[in-house]
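Note sheet for the following structure.
What follows draws every value from the coordinates through simple rules; no lab data is involved. Owing to the predicted nature of the structure, the values given are computational and were not obtained by experimental measurement. Cβ atoms come from the backbone with ideal geometry, glycine included; neighbour counts cover every protein chain shown.
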Amino acid sequence: MLEGVYAALSRATAADWLLLASGLLLGLYLLGTWRYDFFKRRGVASTIPKAPFLGNTLKAFLGLSPFPDLVQDLYRQGKGHGVFGFFEFRRPIFMIRDPDLIKVVTVKDFDHFMNHRSVASEKADPIFTQNLFNLKDQRWKDMRTTLSPAFTTSKIKAMFPLISACTAQTAKHLHEEQEALIKRGKKGPLEVDMKDLFTRLANDVIATVAFGVGCDSQKDPKNEFYFMGKEMTTFTFLRTIIFVAYLVMPKVAEALGLRVLSERATNYFDTLVHSTIKERQQKGIFRPDMLQLLMQAREGQLKAEANEEHETEKFDSKFKLSNNDITAQAVIFFFAGFETVSTALCFTAYALSRHPDAQLRLQKEVDAMMKETGGKPTYEAIQGMKYLDAVINEALRMYPPVVAVDRMCREDFVLPPSDTSPSVHIRNGDITWVPIYALHHDPELWEEPDKFDPERFSDENKHRIKPFSYAPFGLGPRLCIGQRFALLEVKLALVNLVANFDIRPSPKTKHPLQFEKGFNMMIRGGFWNQLIPRNV
Ligand code: HEM
């Protein structure tokens, strides 16, 4: 048999080879494009990728285009359509553009769209797949119900001193830097890499709150926790390839046992959580942090206070956590709360540096609050600051740290017709997207969307915001569980910063702002600001 093939090959002419090569190329082309009529068959407006296999998002994966720009470009192409299709490699994605339809997917018919899609294997990455973000169906429901009491007002209030200590530590560090500068005979403001500053702060907060570990990453920049956290959350080239492999051919990636998380960092956090739990149990230590609440949840003892949050009964879970579950949740709190919080802070500082009027108004509010509290902000005082709240909301609108969220359909569903789209059949396994960044910049939803204007979120104006057009923390029952915690952290950090310093633009940061290419919400040239100590 083989001899026959060899004989045929040896007799093949150049024309035969050309024919074979053309056939192969045609086959490949058809394989790479046959799904591209997917949306046409479903009656959904869409964009057709220019090249086989590559879809519409390749540029972001290759680091050739900023992800927010790409999402906005796709969104604009879909103008006039409530649902618009595009391709992530060969995978069709339904971009839900119409806020009324976003409501259907994220709230009204949430049961059909409860899950995110999988980007890791349960076997290779148990810590990553067992966390709240990646859990699915009933297991997600149980975990969410179990964890929710850890994020109620009273629990977050109890963590206030831990967060406050970290933000005060950062302000103190900046003053020390300033003094050192003067001692060295250098005049002029502190030139600060804000991303580095806020990343260390976010690290210290999550270390103390989620893992029970005290760090001062400003003073001790090489501490192990910070180093491991960076290793865990940095998307190296190899990790991007693995991530893409899970998006393009999840079954193959799973069969190959590809790991998304660094093994060394996973082991570090696993050992840390297990040993801290053991120590607390042996010594009877109690600390008002998330780890303690997770330990209580493990014993089935975590409940919301009776008078708290109107959803108290929803919290009554029978589900108990294992030690591995605790590690998985602590790790996701780190993962989800480290980069997002530092990004939110960087963009807010950037916006304030470019809008001195808004900064001055905020400083006045901060000064008044400081006077009232004798320089020791309380939880209630921070929560009562309306302009601070508006500034942060507006920064999160213009620069949402999470650019888009997905929802995977788990049961065939017909999306009802709307003013902007006919009814759409969405099948089990199909992926929908809420394009957060693009919604926040749509001129049909926001007046002058590229203008930084905290007044949009004032008591007088906020009722004008179209429901489901603003979603920095996601939407519906699956929205960010750490929202209140994150907002408190961002508020405390900003209050400490503007109480002590004027934030000025730095020549190192380009203006107008351009996003860095790739997936991270970064800006070209980095986040640099000049800080000038205030004399209040
Ligand atoms: C400014 C900071 C933050 C932003 C902008 C943010 C944003 C988001 C978004 C957009 C989602 C997806 C929601 C959806 O699919 O609808 C999410 C989920 C999540 N976030 Fe955050 N987040 C922030 C901080 C935090 C912090 C500090 C924590 C933990 C302490 C946290 C924990 C989580 C978790 C566990 C989930 C998954 C929830 C679930 O699937 O049930 N996040 N976040």
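For the stretch 127-210, state which trypsin sites (Lys or Arg not before Pro) are in a DSSP loop and have at most 11 other beta carbons lying within 10 Å of their beta carbon.
Details: sites: Lys136, Arg139, Lys141, Arg144, Lys155, Lys157, Lys172, Lys183, Arg184, Lys186, Lys187, Lys195, Arg200; in loops: Lys136, Arg184, Lys186, Lys187.
Counting only loop positions with at most 11 other Cβ atoms within 10 Å, the trypsin sites (Lys or Arg not before Pro) in the stretch 127-210 are Arg184, Lys186, Lys187.
Measure nothing fancy, just the Cα-based angle from helix 137-147's long axis to the longest principal axis of the chain, in degrees from 0 to 90, nearest 10. With both axes taken from Cα atoms, the answer is about 10 degrees.
Could you tell me the relative contact order of the chain? Use alpha-carbon pairs under 8 Å, at least six residues apart, and round to a whole percent. Don't skip to the answer; put the middle values down first.
Details: 801 pairs, mean separation 122.8, N = 536.
Reported as a whole number, the value is 23 percent.
With an a/c value of 1.5 or above and a/b larger than b/c for the gyration tensor axes a ≥ b ≥ c computed over the alpha-carbon atoms, the stretch 380-536 is described as prolate.
For the stretch 186-226, the gyration tensor built on C-alpha atoms gives a prolate shape. Its axis ratio a/c (a ≥ b ≥ c) is at least 1.5, and a/b is the larger of a/b and b/c.
Between Arg534 and Arg287, 0.36 nm times their residue separation minus their Cα-Cα distance comes to what? Provide the component values of the computation, followed by the final result.
On the way: separation 247, 0.36 × 247 = 88.92 nm, distance 3.52 nm.
Between Arg534 and Arg287, full extension yields 85.4 nm more.
Semi-axes of the equivalent ellipsoid of the chain are 42, 28, 26 Å, computed as sqrt(5λ) over the eigenvalues of the C-alpha gyration tensor in descending order.
Using r as the Cβ-Cβ distance of Leu28 and Ile48, and R0 as 25 Å, what FRET efficiency do you calculate, to the nearest 0.05?
Working: r = 18 Å, r/R0 = 0.70.
In this case the efficiency is close to 0.90.
Note on Arg410 and Arg464: with the Förster distance fixed at 30 Å, the Cβ-Cβ geometry gives a FRET efficiency of about 0.30. Distance between the 7 Å Cα→Cβ label points at Val5 and Glu191: 6.5 nm. Restriction of the chymotrypsin sites (Phe, Trp or Tyr not before Pro) in the stretch 222-288 to DSSP coil positions whose beta-carbon has at most 10 other beta-carbons within 10 angstrom yields Phe286. Taking only Cα atoms, what is the 0 to 90° angle, nearest 10, from helix 2-11's long axis to the longest principal axis of the chain? Relative to the chain, helix 2-11 is tipped by roughly 80 degrees.
Relative to the dominant Cα principal axis of the chain, helix 237-248 is inclined by about 60°. For Lys59, the aspartates and glutamates whose Cα falls under 13 Å of its own Cα, not counting residues fewer than eight places away in the same chain, are Asp69, Asp73, Glu88, Glu516. Pairs over the 30 Å Cα-Cα cut-off, from the set Lys79/Lys141; Lys123/Lys517; Lys187/Lys219; Lys376/Lys451; Lys222/Lys508: Lys79/Lys141; Lys123/Lys517; Lys376/Lys451.
Using only side-chain charges placed at the Cβ, +1 for Lys and Arg and -1 for Asp and Glu, the dipole size of the stretch 36-533 relative to its Cα centre rounds to 920 debye.
Report, in deg cm²/dmol and to the nearest 500, the calculated mean residue ellipticity at 222 nm for the chain, where each DSSP H run with n ≥ 4 adds -39500 (n - 2.57) and the sum is divided by the residue count. Could you put the intermediate results ahead of the total?
Details: 21 runs with 266 residues, N = 536.
Only helices count here, giving -15500 deg cm²/dmol.
In the chain, a dipole from Cβ-located charges (positive for Lys and Arg, negative for Asp and Glu) runs towards its positive end, and of Phe67, Ala471, Val107 it is Phe67 whose Cα lies farthest in that direction.
Please give me the summed charge of the neighbours of Arg184: other residues whose Cβ is under 15 Å from its Cβ, Lys and Arg +1, Asp and Glu -1.
Net of charged neighbours comes to -1.
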